[in-house]
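Worksheet: one structure, shown below.
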Amino acid sequence: MKIAIYIAIAILALGLLFGLRIAAKSFRDERADYVRTPPKTISLHPERTGIAGLGEISFPAAGKPRLAGWYAPSRNHAAIVLVHGTGADRSSLLSETRFLAEAGFGVLALDLPGQGASEGKSRWGGPERQAISAAVDWLSAREEVDPQRIGGFGLSMGAYVLTQAAVLDRRLRAVVLASSPTDVVEQNWLATDEWGLLTQVPCYLALRLYGQSLDMLPKDVIGAIAPRAVLILGGDLDTLVPQFMARQLYAAAGSPKDLWIVPGAHHGDYERVAPQEYRSRVTEFFQHTLLN
């Protein structure tokens, strides 16, 4: 009998340790979204990208810590702010920087606060919204940029905060929202459901502990962007931000709006599965909305 009890206790202890390890990993994985991702080597050497005129820039965000990024000068008087997602810096949008610059747009690929070479802390809310508006300020002051022809492109949580920024800053005349969550809590709850509450609760606790802003959920505010144009992108195989979220955003958005669920795409890998169509759709969207 005693042996059976000892075995039961050992099994319970091992189960508890296993559960704690899973919970701790879920917490750490979510915490990583709020920890600085150091700038990639290519980010600090724009001359290696092969993009004509691309240079490193920095500027203050309304008296806040300085922001860093790349800028390729505009050749058509229009410009676009590129906003990366979590665990990334400006170089994660190198492809978009390249094809939009080649199309003649000014391109400002931004390191959000607390990421890459930008100062500050990541909150995926207020500081990021302020940073995007500061990027619009910087572009508006450029001689080659028409302040009425500025747009934005955001990927994942970059799209999440770009939605909020576009609601608050009407100088953003058109936005592309790629793989954007509609609600950061719901998205994390779904993305961490492998072990149920064992992974979901630690993830939520990390999200709250590190200051995630829960105001201005894109599904609630995207309609206020209208009558400025919105292009919403999603992948039909995306398990991180399921395609129903893209469809939910589209349903809530005002006109003009467009939706492209990319066949065979996972989270943000549109160029990998449909390179020519992806470049064409994004470029033509900005040509139609910013140049006409």
Only one of Ala265, Ala253 is farther than 23 Å from Leu172 by Cα and buried (at least 22 other Cβ atoms within 10 Å of the Cβ); which?
-> Ala265
Among the candidates Glu96, Glu143, residue that is acidic (Asp, Glu) and either outside any helix (DSSP H, G or I) or surrounded by fewer than 19 Cβ atoms within 10 Å (Cβ to Cβ) (or both) | Glu143
Could you please find all residues in the range 60-76 being under 23 Å from Gly104 (Cα atoms) and assigned to a strand (DSSP E or B)?
-> Ala68, Gly69, Trp70, Tyr71, Ala72
Filtered residues of the range 28-46 (kept if touching a strand residue (DSSP E or B) at 6+ places or on another chain (Cβ under 8 Å) and either assigned to a loop (DSSP other than H, G, I, E, B) or not small (Gly, Ala, Ser) (or both)) | Pro39, Leu44, Pro46
Which residues, counting only those in the range 113-131, are of a type outside the set (Gly, Ala, Ser) and either touching a Gly at 6+ places or on another chain (Cβ under 7 Å) or in a strand (DSSP E or B) (or both)?
-> Pro113, Lys121, Arg123, Pro127
Out of all the residues in the range 193-213, is one or more over 22 Å from Ala24 (Cβ atoms) and either in contact with a strand residue (DSSP E or B) (Cβ under 7 Å, 6 or more places away or on another chain) or part of a loop (DSSP other than H, G, I, E, B) (or both)?
-> yes
Taking the range 214-254 and the residues there that are acidic (Asp, Glu) and assigned to a loop (DSSP other than H, G, I, E, B), the one that is nearest to Gly126 (Cα to Cα) would be Asp215
Please determine, by comparing only the residues of the range 20-52 that are closer than 22 Å to Leu240 by Cβ and among the acidic types (Asp, Glu), which one is surrounded by the fewest Cβ atoms within 10 Å (Cβ to Cβ).
-> Asp29
Scanning the range 53-73 for residues that are buried (at least 16 other Cβ atoms within 10 Å of the Cβ) and touching a Lys or Arg at 6+ places or on another chain (Cβ under 6 Å), which turns out nearest to Glu119 (Cα to Cα)?
-> Gly69
Considering the range 131-153 alone, what residues qualify as being farther than 19 Å from Val167 by Cα, among the charged types (D, E, K, R) and touching a residue at least 24 places away in the same chain (Cβ under 8 Å)?
-> Arg142, Glu144, Asp146
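No value in this document is a laboratory result; all are computed from the given coordinates. Bear in mind the structure is a predicted one, so any value in this text is a computation, not a measurement. A quick note on method: Cβ atoms are made from the backbone with ideal geometry, for glycine too, and the neighbour counts reach across all protein chains shown.
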